[in-house]
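The structure appears below as structure tokens.
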Amino acid sequence: MDKFHESIFNINLDDISKNLDYLKSKLNKSTKIIAVIKAYGYGHGDIEIAKKLEDLNVYAFWVADFEEGVRLRKLGITKPIIIANPSPRSTNQIIKYKLDIVIYNFRLLEAFGKLNRKIKIHIKFNSGMNRFGFNENDIKELKLRIDNYSYLKIESICSHLSSSKNKNNDQITLNQFERFEKIIVSFKTLFSIKPLIHILNTNGVLRFKKYQYNTVRIGIGLFGIHEDKKLTQIGTLSSSISQIRILRKGDHVGYDTSFICKKKMKIGIIPFGYADGLDRQLGYNNGSLSVKGVLCNIIGDISMDSCAIDITGSDAKEGDRVEIFGSNNNINIMCKKTNSIPYEFLSKINRRIKRIYTTSST
């Protein structure tokens, strides 16, 4: 346990290895894995996670922007790093740090192609999500233009699934696969190369492995945030009870008298608030935190740096650990209470929260 920090995000790197092994068991042995570690490794910390995954020999890393990629390079990551949203303003950094880029429209193609510098590119196609990507009818024009940029090396073609988790939307997912299949055929007809091909995410790997092609992109599954019970959540977020108060009927707690005691109560003040990543909607008895395995309601309004929980009837003491989420407080359940998703919760965990990494050897 850390001696200096009240709020801690404990991350078990052995569990990420187990999760990767489980996901690999769903794939052909030759299928390459691109590990998605954008948004500070989904809140878990990017460098330590990347180093562990590099040791586990993933093929490449997928991040959002060049700054995330540069940070990984500067701190020793040598595997390919793919920038999902490259900016024409970041060309020098991308070239200097040998970052791969995703090209998803003609503006980006021209901006990077006219540099006449060796850059590895991944061409993204829109198969129905209607976000980033070329359309199928762009392929002929894409071939004409890319022939002018001999320094650009196509590493892969890819697309993105919108609804692979939701069984009720499986027809939408199947339609995306059908469109992507047509794109692959058209691409191979015009381009005399054999690129990597990827569309599956974690849910795709678990539910549609037929479409793994030769590469997949895995993100949230590595961190074990999934309903599949064979995946293990690698992180436990906790804080502590900084102060305990005994309140009388009629006493109020928090800003704007947001909670008024209807009886004598014992409350614990936790130094973890919305600036740390705790959604304000979890206040007013909507959410709870775990103390000694017992869920205690969050009362009143959540403050920027603190919240209060009802510990009436417990033997909790100042200094006791409080689980924000983990084995005793399911992050999926917390997110449902705020109409949110674990991706959002994790990405909002403030970087001031200390990350501690453990393995079987530590």
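The values are calculated or read from the model by the stated rules, or taken from the named source; none is laboratory data. In this text, all values refer to a predicted model and were calculated from it rather than measured experimentally. With ideal geometry, Cβ positions are generated from the backbone for all residues, glycine too; neighbour counts draw on all protein chains shown.
Right, Thr232: part of a loop (DSSP other than H, G, I, E, B) and of a type in the set (Ser, Thr, Tyr) or not?
The answer is yes for Thr232.
Quick check on Ser290: is it among the small types (Gly, Ala, Ser), within 22 Å of the chain's Cα centre (by Cα), more than 13 Å from Ala308 (Cβ to Cβ) and part of a strand (DSSP E or B)?
Numbers: among the small types (Gly, Ala, Ser): yes; within 22 Å of the chain's Cα centre (by Cα): no; more than 13 Å from Ala308 (Cβ to Cβ): yes; part of a strand (DSSP E or B): yes.
No: the conditions fail for Ser290.
Go through the stretch 165-207 and report how many residues are at pLDDT 95 or above and not in a helix (DSSP H, G or I).
Total satisfying the criteria: 7.
Hey, among Ile95, Ile123, which residue is surrounded by 13 or more Cβ atoms within 10 Å (Cβ to Cβ) and in a helix (DSSP H, G or I)?
Going through Ile95, Ile123 in turn, just one is surrounded by 13 or more Cβ atoms within 10 Å (Cβ to Cβ) and in a helix (DSSP H, G or I): Ile95.
Are any of the residues in the stretch 78-89 part of a helix (DSSP H, G or I), at pLDDT 95 or above and closer than 23 Å to Leu196 by Cβ?
Taking every residue of the stretch 78-89 in turn, none turns out to be part of a helix (DSSP H, G or I), at pLDDT 95 or above and closer than 23 Å to Leu196 by Cβ.
From (1) in contact with a strand residue (DSSP E or B) (Cβ under 6 Å, 6 or more places away or on another chain); (2) at pLDDT 95 or above; (3) farther than 18 Å from Leu237 by Cβ; (4) assigned to a loop (DSSP other than H, G, I, E, B), pick out the condition that doesn't hold for Lys317.
(1)
Only residues that are small (Gly, Ala, Ser), touching an Asp or Glu at 6+ places or on another chain (Cβ under 8 Å) and within 24 Å of Phe61 (Cβ to Cβ): list them for the stretch 222-262, please.
Of everything in the stretch 222-262, just one residue is small (Gly, Ala, Ser), touching an Asp or Glu at 6+ places or on another chain (Cβ under 8 Å) and within 24 Å of Phe61 (Cβ to Cβ), namely Gly224.
Just name the residue that is nearest to the chain's Cα centre (by Cα) out of those in the stretch 320-346 that are assigned to a helix (DSSP H, G or I) and not hydrophobic (A, V, I, L, M, F, W, C).
Tyr343
On the basis of being surrounded by fewer than 17 Cβ atoms within 10 Å (Cβ to Cβ) and under 18 Å from Arg280 (Cα atoms), does Lys337 make the cut?
yes
Kindly check whether there is at least one residue in the stretch 36-54 that is among the acidic types (Asp, Glu), outside any helix (DSSP H, G or I), surrounded by fewer than 20 Cβ atoms within 10 Å (Cβ to Cβ) and under 16 Å from the mean Cα position of the chain (by Cα).
Checked against the condition, which is being among the acidic types (Asp, Glu), outside any helix (DSSP H, G or I), surrounded by fewer than 20 Cβ atoms within 10 Å (Cβ to Cβ) and under 16 Å from the mean Cα position of the chain (by Cα), the stretch 36-54 yields no hits at all.
Which of the numbered conditions does Asp310 fail, given that it passes all the others? Conditions: (1) within 31 Å of the chain's Cα centre (by Cα); (2) more than 30 Å from Ser156 (Cα to Cα); (3) surrounded by 19 or more Cβ atoms within 10 Å (Cβ to Cβ).
(1) is the only condition that Asp310 fails.
In this structure, is Glu68 charged (D, E, K, R), buried (at least 21 other Cβ atoms within 10 Å of the Cβ) and outside any loop (DSSP other than H, G, I, E, B)?
yes
Could you look through the stretch 203-255, keep only residues that are among the hydroxyl-bearing types (Ser, Thr, Tyr) and in contact with a Leu (Cβ under 7 Å, 6 or more places away or on another chain), and pick out the one that is surrounded by the most Cβ atoms within 10 Å (Cβ to Cβ)? Reasoning before the result, please.
Of the residues in the stretch 203-255, the ones among the hydroxyl-bearing types (Ser, Thr, Tyr) are 211, 213, 215, 232, 236, 238-240, 242, 255.
Keeping just the survivors that are in contact with a Leu (Cβ under 7 Å, 6 or more places away or on another chain) gives 211, 215.
Values: Tyr211: 21, Thr215: 24.
In this case the residue turns out to be Thr215.
Sort through Phe61, Phe112, Phe132 and tell me the only one that's in a loop (DSSP other than H, G, I, E, B) and either touching a strand residue (DSSP E or B) at 6+ places or on another chain (Cβ under 7 Å) or touching a residue at least 60 places away in the same chain (Cβ under 8 Å) (or both).
Values: Phe61 fails: in a loop (DSSP other than H, G, I, E, B); Phe112 fails: in a loop (DSSP other than H, G, I, E, B).
Among Phe61, Phe112, Phe132, only Phe132 is in a loop (DSSP other than H, G, I, E, B) and either touching a strand residue (DSSP E or B) at 6+ places or on another chain (Cβ under 7 Å) or touching a residue at least 60 places away in the same chain (Cβ under 8 Å) (or both).
Examine the stretch 316-326 for a residue that is among the basic types (Lys, Arg) and surrounded by fewer than 14 Cβ atoms within 10 Å (Cβ to Cβ), and state whether such a residue exists.
Scanning the stretch 316-326, I find at least one residue that is among the basic types (Lys, Arg) and surrounded by fewer than 14 Cβ atoms within 10 Å (Cβ to Cβ), so the answer is yes.
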